[in-house]
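Values in this text are rule-based calculations from the coordinates and carry no lab data. The model shown is predicted, which means the values in this text are computed figures rather than measured ones.
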Amino acid sequence: MNKSSERPILIVDKKGVIGFELAKNLSAHYIVVLVTSKSQGESSNIVHVPFTKKIPTIPDNFYSYIFLIEDGEVLYHSVPSFIKKASSDQSRVVLVEGIRIQNEKSIQEVLFYKNANVFYFGDLFSEHKNLSGVDALISLAKKDRKIE
């Protein structure tokens, strides 16, 4: 990313797990607008916007990057509007997709835009947060010492 950019970065992640970690790292050098369903705490360079509707209300601004974290249920409806916004702002778009929940339509729409990338993630694990369905099963098995 270009440090000389004065434009903020937009991260849209309904669940907020990946988006918050990304926002924390980027906020050391950039202003980040994080759209997520739950606030993860305050930070001087992170502006939290509640993701309360099917399609969230995004603050009108010029963004240098737009990160779309797809959880398989929400963003695919609004990908075209994000691409349109990115095209008018000349922003880069990064779609982050779960390898198990890929939405081919969203991927194709994003890749049609010349300044876009798609990244995939697999099952995510953490000691402190439930990041995926597999992680929830492992946590339950550790807690109950059995799998049913």
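Tabulated results
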read-out	value
Amide H partners (placed H, <5 Å) of LYS14, local residues excluded	none
Cα pair count fraction exceeding 13 Å, expressed as % - the stretch 12-51	38 percent
Karplus-derived 3J(HN,Hα), 6.51/-1.76/1.60, for each residue of the stretch 16-28, Hz, glycine and proline x	x, 5, 5, x, 5, 5, 5, 4, 4, 5, 6, 5, 5
